[in-house]
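A.B. asks: Pasting a structure below so you can have a look.
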Amino acid sequence: MPKSILVTGGTKGIGKAIVERFAKEGFDIFTCSRNAHDLDLLKSKLEKENIGIQVFTSVADLSNKEEVDRFSQEVKSLGIPDVLVNNTGVFLPGALHDEPEGNFEFIMQTNLYSAYYLTRAFVKEMMARKSGHIFSMGSIAGLTAYPNGGSYAVSKWAMLGMTKCLREELKPHQVKVTSILPGATFTDSWAGAGIPEERFMKPEDVAESVWGAYNLSPFSVVEELIIRPQLGDL
C-alpha cells in the first residue's frame with residue numbers, strides 16, 4: 001500500500017517543493033490551497049510526472065477553523081497520512097507596536113492555529129498505529145528576533161514551542177516530530193525585494209532536507225532542522 005503525505009499550502013514555495021519531492025518517491029498526496037486554479041495545475045503536473053500516485057486537493061482557507069475541520073475530515077475519509085507537514089503560513093511585515101489592527105489575529109490563525117487543529121485531527125490515529133512523522137514549518141524568525149518581524153515572528157516562536165511539546169508527548173508512541181527552521185528561501189514572500197536570487201536558499205534544498213529527515217531509521221529523529229543561506233541570514 002503506497003504511503004501518503006499531507007502538506008498544507010502545497011501549491012507554492014517550500015510546500016510545493018516538498019510535495020514534488022515525496023511524489024517522486026511514490027507517495028500519494030493530500031494538499032490544500034485557497035486557489036483552485038493553482039491546485040488544478042499542481043494535480044495535473046504531479047499525476048503526469050509520477051504515474052500511479054493519487055493526488056487529492058481541496059480549496060481551503062486554513063485561517064478559518066471550520067475550513068481546517070472540513071479539510072481534515074475530507075482527508076480522513078480517504079486515509080490517515082503517514083507524514084503531516086504543517087506548512088500553511090503568511091508573512092505580513094510590521095512592528096508589534098504599530099502594525100495594522102487584525103494582523104496579529106490573522107497571522108496567528110494562519111500560521112499557528114491551523115497547525116494545532118490539523119495535528120489534533122490526525123495525531124490520535126498516528127498514536128494508535130504507532131507510526132507517523134509530523135513536520136512543522138517554523139522559521140529562523142522563531143529563533144532570533146528581527147525588527148519589522150512583528151506578529152510573524154511571534155507565531156513562529158509559538159510554533160517552535162508547540163512542536164517541542166508535541167515531541168515530548170509523542171515519544172512513547174513512535175510518532176516522530178520535527179521542526180523545520182529555514183532562513184530566507186526564494187519564494188513569493190520575497191517577491192520585489194530586489195535581492196539577488198543567489199542570495200537565497202532554494203525551496204528544493206529544504207524539501208531534500210525534509211526527505212532526509214524522514215528517512216532516518218525508527219531509532220533516530222531530527223528534532224530541529226535549521227537551514228540557512230550559505231552567506232547567512234538576510
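The values are calculated or read from the model by the stated rules, or taken from the named source; none is laboratory data. Model, not experiment: these values are computed from the prediction. Reconstructed Cβ throughout: ideal geometry from the backbone, glycine too, with neighbour counts over all protein chains shown. The accessibility values were calculated without ligands, DNA or RNA, using every heavy atom of the protein model including side chains. Shrake-Rupley method; radii C 1.70, N 1.55, O 1.52, S 1.80 Å.
A.B. asks: Between a first residue in the stretch 193-215 that is among the charged types (D, E, K, R) and a second residue that is open to solvent by less than 60 Å² (accessible area, probe 1.4 Å) and modelled with pLDDT of 85 or more, which pairs have beta carbons less than 6 Å apart while being 6 or more apart in sequence or on different chains?
C.D. replies: So the pair list comes out as 204/17.
A.B. asks: Aliphatic (A, V, I, L, M) and surrounded by 12 or more Cβ atoms within 10 Å (Cβ to Cβ): does that describe residue 170?
C.D. replies: Numbers: aliphatic (A, V, I, L, M): yes; surrounded by 12 or more Cβ atoms within 10 Å (Cβ to Cβ): yes.
Yes: the conditions hold for residue 170.
A.B. asks: Test each condition in (1) touching a residue at least 40 places away in the same chain (Cβ under 8 Å); (2) closer than 18 Å to residue 130 by Cα; (3) basic (Lys, Arg) for residue 228 and report the one that comes out false.
C.D. replies: Unmet condition: (2).
A.B. asks: Specify which of the listed residues (176, 164, 156) is touching a residue at least 12 places away in the same chain (Cβ under 8 Å) and open to solvent by 40 Å² or more (accessible area, probe 1.4 Å). I'd like the intermediate steps shown before the answer.
C.D. replies: Numbers: 176 fails: open to solvent by 40 Å² or more (accessible area, probe 1.4 Å); 156 fails: open to solvent by 40 Å² or more (accessible area, probe 1.4 Å).
On inspection, the qualifying residue turns out to be 164.
A.B. asks: For the stretch 179-208, give me each residue that is of a type in the set (Gly, Ala, Ser) and open to solvent by 60 Å² or more (accessible area, probe 1.4 Å).
C.D. replies: Quick first cut of the stretch 179-208, residues of a type in the set (Gly, Ala, Ser) only: 179, 183-184, 189, 191-194, 207.
Selection gives 189, 191, 192, 194.
A.B. asks: Of everything in the stretch 101-144, what is part of a loop (DSSP other than H, G, I, E, B) and either among the aromatic types (Phe, Trp, Tyr) or open to solvent by less than 80 Å² (accessible area, probe 1.4 Å) (or both)? Give them in sequence order. Steps first, please.
C.D. replies: Applying the first criterion (part of a loop (DSSP other than H, G, I, E, B)) to the stretch 101-144 yields 101-102, 130-132, 138-139, 143-144.
Selection gives 102, 131, 132, 138, 139, 143, 144.
A.B. asks: For the stretch 209-233, give me each residue that is part of a loop (DSSP other than H, G, I, E, B), within 26 Å of residue 145 (Cβ to Cβ) and open to solvent by less than 80 Å² (accessible area, probe 1.4 Å).
C.D. replies: Listed by number, the residues that qualify are 222, 229, 232, 233.
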